Structure formats: structure tokens, C-alpha cells
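Colleague: Take this structure first; my questions come after.
Read the figures in this text as sums done on the coordinates, not as results from a lab. Treat the numbers as computed from the prediction; the structure is a model and nothing was measured. In this analysis, Cβ positions are derived from the backbone assuming ideal geometry, glycine residues included, and neighbour counts consider all displayed protein chains.
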Amino acid sequence: MSTTPTRPTPDQPLSFDEPDGVAARGTVVVLPGRGERPGIYQRLGKRLAADAYRVRVVGDATEHLAEITVQVKALLGDADRPSPAVLVGSDSGALLALRLVALGTVAVDGLILAGLPDPDRQLEVAAEAEAEVRASCPTHQKLLRDTERAVFQAGALTSERIPDALREPVDPAQVPVPVLGLHGDNDQVSPLERVHADYAGLPRVELLTVADGRHDVLNAANQRSVAASVVLWLERLKLGAELPPIVRPMQPSEQVPPADQSPRRDVLITADELRDQLQGDNPPTLLDVRWALGDPDGHRHYRDGHIPGAVYVDLDTELAAHGAPGAGRHPLPELADLQAAARRWGVRTGRPVVIYDNAGDTAAARAWWLLRWAGVPDVRLLDGALKAWLEQGFELATGEEQPPAGDVELRAGQLPVLTADRAAALAEDTGGVLLDARAGERYRGEVEPIDPRAGHIPGALSAPTADNLTADGTFRPTAELRDRFAQLNAAGSAEVGVYCGSGVTAAHEIAALAVAGIPAALYPGSWSAWSSDPDRPAATGAEPGAAPHHPEQNPASTTPSSGESP
């Protein structure tokens, strides 16, 4: 997915493209407000691009009005651009967007106006208070104050930044397309009563008022909800749904629309969202699970650099028991042992937990699954793992963290598990499916680096969990995951089970299934337990029902495929 922005130049808008292989659902061109650089819309651009909208963010029109107008005309006039085409404007950008559409300078299918200002309003704001006036989001406020990021020009709200050309009134009745207005109920720059008057003249408009939103409402503290409101409106526009000509404030209960009530946000958290929550009133407990097959130095990697406040978790000793060979290499820990470990990590009742590693969350998912299985309700994975945090330029800490002891009370059995017999039955059941999360070569029996026999459980389908991630290590868009699992018959009413080498990467696949809204059960013993039982058959080859195979020893191999955990 092309969501990593390039540094914009005066001739190059900031671009966010739809996922590779997915048809674009439309074109969105964003006009920033006065003093804003395109980079401040990175989170909005990534979110809309993840939903397959092609997004372009141009520069501040108050600095280069003629040049930006030419850019917008070229972007929207491109014959190859996906439809529908929507123009988004914030602050002074909203004034320009409204003007371009009303005068017929550009042709669009919809218009989104955020923080539409009164160009004649003179607001006296002290420099030190500008961040609070502009934004409710802590990260957004920090960017305002961080001159090295160069995403804002300080003092823009207090200067005469709006050009005379944007002060000239236009007839709102001449706007021929549906309009979505986004406004913060705590916007000191654009008072709500004035905004209602401005929007009342538009023929087809919806005004959504964001709770505790300030002037830069597209980057509000509840930015995901705002972005989801935009996606929902875009989908209605694309489908041709009637957009009623109403002006109304949005009630607090409506702040999270159906488009954002997806399982994804219950499983994953972005680096930006994590940074915001760490600065909030109830910061999450952070767990660092550095672990990979063949690398015993996870703890050293943690000490060399980790997200501030994160506690190191040892997968081998804290996320697994050590039982008989028939139980597999990573049996589930005893509940009392897991609870004692969780309290050492600082896990507390009522406090969220966020977990990450440095390998696309393939190890972190084991801790995610165990805590969910043990009844901790709010546990999420850092999407993109440590790499995503570093790519945002956020700081690391070194050494050890010593959190206060936690008080969590765990209850086993909150997620389903499979016995070996049930896994075998599920693989043979036409109403269910058993997925093998290991690399394809291990499934086919071409290599087996660690377990007694090569191959797979007869009837199981190959579904390498590495294929649930994009090239940058983040989970694939929800729609792509749903399509992938539907092709594996893991959808609808089918009962789904997952195994891997020892119950580690299978948890990662279960997380991907959860993002797609598909519940699944874990076979904890996985292939390490199955293959140690000589009475259990093994199939080889690419087909799930290949003839059972009982090799006397492993095929020659020393390492699994890159990035795979057992």
C-alpha cells in the first residue's frame, strides 16, 4: 500500500494511493488551511487510502493562491482520475474549495468543508495558546509546537493571511453538489452560530458537529471517528444514496458512525493513536515481545531501544509452559503463572494493553491472544509493530522499565481452543475449515527445521500468516483480509480453527481473522504436538488431502522461511 508520504515540493502534492491490486473508489483532493503544510493531513490521507480512495493534498493557498488553484484544476481535470471526485477544504482551504465549486472553476461530485471560517473575524490568540485553539489532539498540538517538523507556520491565525480573493462572497445556491460540513463545537475561530448561517444557503448539505472539536477538526482528538464520518459520506455519495438537504448538529452518540464500528479498531492501534493515548488520562500498559526463531537476543534488543514505558515479555518463559513433548513446544501457561506474569508487567483492571514486537506482531500476537483468552477486554496490537513507531519519528527509551505491580484478575477460557482430535475433525468437516499459518514450504513438507516430522494435518488449508501483512508490515486492509479468508472458505457460518508450528504465529492469523470479523479457535499444540504423536497422520504436498506421509526424519533444513516464528 502506498501510504508513506514523500516530501512535497511546490510542484508536487502529497500523495496517498489505494492498496496495490485494489481498484480506487474515488479521488479526494485536500486544500489545507492557513499556515498548514500538507504533511499534517498524513493520518487522514492514510485512513482514506486504506479504504481505497486516492488522496492528494496540496499546499497552503494563502501563500500561493494562483499556483494551488492550477494544481487543483489539474488534479480534478485529469481524465484518468477515479470517480467520484471530492474536494476537501479546511479553514481558508474551505473558502477556496467553496469558491472553486460555486464558480464552476472545477467540476466535482461532492464537497467537504471543515472549519469554514469567517474571513472578517479578527481573533487575537497568544502564540503559546495557538495549539489549544487549533487542535484538541495532543499529537496535533505537539506538531504545532515542533518547528523541526515544519508542518505549520506559527501565528497564521492571528495574521492577515486570507487573500482578498477569498474574502469576496459567493452565492452558496450556486453550489450544485452535495456538501458535508464538519465543525467543532469548541471552535473559537468559526463560531457555530455563524457556521449554521453560512451552511443554510447550500442546497444539499449535512453539517456534522464534532464533540470537543476545535478549528482543525479533520485532525481532532477523535480523528478516527471524523475520518470514518468522511468515509461513510463518500460511500453514500458513490452509491448514489440520497443526501438530504439538512443542517443539524451531530449528537455525541452519533460520533462513531457504523463505518468505524469495525472489528479492526478492537484488534489494532496505529502508532499515532498509541502516541496520543500515552499522553492521555488512562495510558495503556505497553508490552514488548521481541522474539524470533533462531534469535535468542530479544531481551538485548529491547534494552537497546524500546517504546518508552514498554515492559519486556519473554515468550518462552512467560507466554508458554514446559510440558511433555506431546504438548508441543509452547503449551499454554498455567493461569496462575500467566496472572503472576501479567501483574509483573503492570497489567491493571480497567487499563488497556498494547503489545508489539519487531516482526510485524507475529510474536506479539501470542501475548495478545493469551490476554484475550484470559479475559482482558481491551488488548490491541501496534499495527506495523516497532517499525511503524520509528517511521513516525517517535523516540525510544533504553535499559529496563520497572512498572508498578498490576492487579489484574484473569479468567481462562474466554477464547476457543482446539484439541488434536477436534482439529482433525475440523479439517475433515465440510462445514468447517482448519488453517495452517506456517510458511508454504513447511505446509508442503519440503522443509521442517525443528519439529519431528514434515507436512501438515490432512485436510488443513495452507494460509501463511505472513500473507496477512502488507510490504510495510502493517495488517492488510480489512476488505482484503475478508476476501482472502473467503477464498479459503473461512467466512459465513463456517467454524474456523488455526494452527502453526507451536501456537505462536497461529495467534497472529487469529488476529487477522478478527480484523476481518471472523472468530477462530487456536490449536495450541499445533504441528509440534501433532507431529510428535506417531499415530497422527501427516500429509505432504500442496493439496490439503494429500496422502498421509510418515517420514523417518526431517527433510534437510536448518531455518524456516524469513520472518516466520514456529
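Colleague: Sorted from largest to smallest, which semi-axis lengths in Å does the alpha carbon gyration tensor of the stretch 262-566 give for its equivalent ellipsoid, taking the root of 5 times each eigenvalue?
Modeller: Numbers: eigenvalues 196, 79, 68 Å².
Rounded to whole Å, the semi-axes are 31, 20, 18.
Colleague: Excluding G350 itself, what net charge comes from residues whose Cβ is under 14 Å from its Cβ, given Lys and Arg +1 and Asp and Glu -1? Intermediate values should be presented prior to the final figure.
Modeller: Values: positive: R348, R351; negative: D281, D378, D407, E409.
Summing Lys and Arg as +1 and Asp and Glu as -1 gives -2.
Colleague: Go through the stretch 87-99 residue by residue and turn each phi into a ³J(HN,Hα) via Karplus (6.51, -1.76, 1.60, θ = phi - 60°); whole Hz please, and just put x for glycine and proline.
Modeller: Once rounded to whole Hz, the list reads 9, 10, x, 10, 6, 4, x, 5, 4, 5, 4, 4, 5.
Colleague: Sort out for me the Cα centre separation of the stretch 297-346 from the stretch 455-493, rounded to whole Å.
Modeller: 26 Å
Colleague: Let me ask another. Which net charge results for the neighbourhood of G360, defined as the other residues with beta-carbon distances under 10 angstrom from its beta-carbon, given Lys and Arg at +1 and Asp and Glu at -1?
Modeller: On the way: positive: K387; negative: D357, D361, D383, D472.
Here the count lands on -3.
Colleague: Now a separate question. Once amide H atoms are built 1.01 Å from N in the peptide plane, which residues 5 or more positions from V205, or in another chain, come under 5 Å H to H?
Modeller: Amide H neighbours of V205: V179, I246.
Colleague: Provide the per-residue ³J(HN,Hα) series for the stretch 359-366, in order, calculated from phi with Karplus coefficients 6.51, -1.76, 1.60 and θ = phi - 60°, each as a whole number of Hz, with x at glycine and proline positions.
Modeller: 9, x, 6, 5, 8, 4, 4, 4
Colleague: Per residue Cα convex hull volume for the stretch 366-523, in cubic angstrom? Don't jump to the answer; show the numbers that get you there.
Modeller: Details: hull volume 24.6 nm³, N = 158.
In the stretch 366-523, the Cα convex hull volume per residue is 156 Å³.
Colleague: Please turn the phi angles of the stretch 476-482 into ³J(HN,Hα) values with the Karplus equation 6.51 cos²θ - 1.76 cosθ + 1.60 (θ = phi - 60°), one per residue in order, whole Hz, x for glycine and proline.
Modeller: So the Karplus estimates, Gly and Pro as x, are 4, x, 4, 4, 5, 5, 4 Hz.
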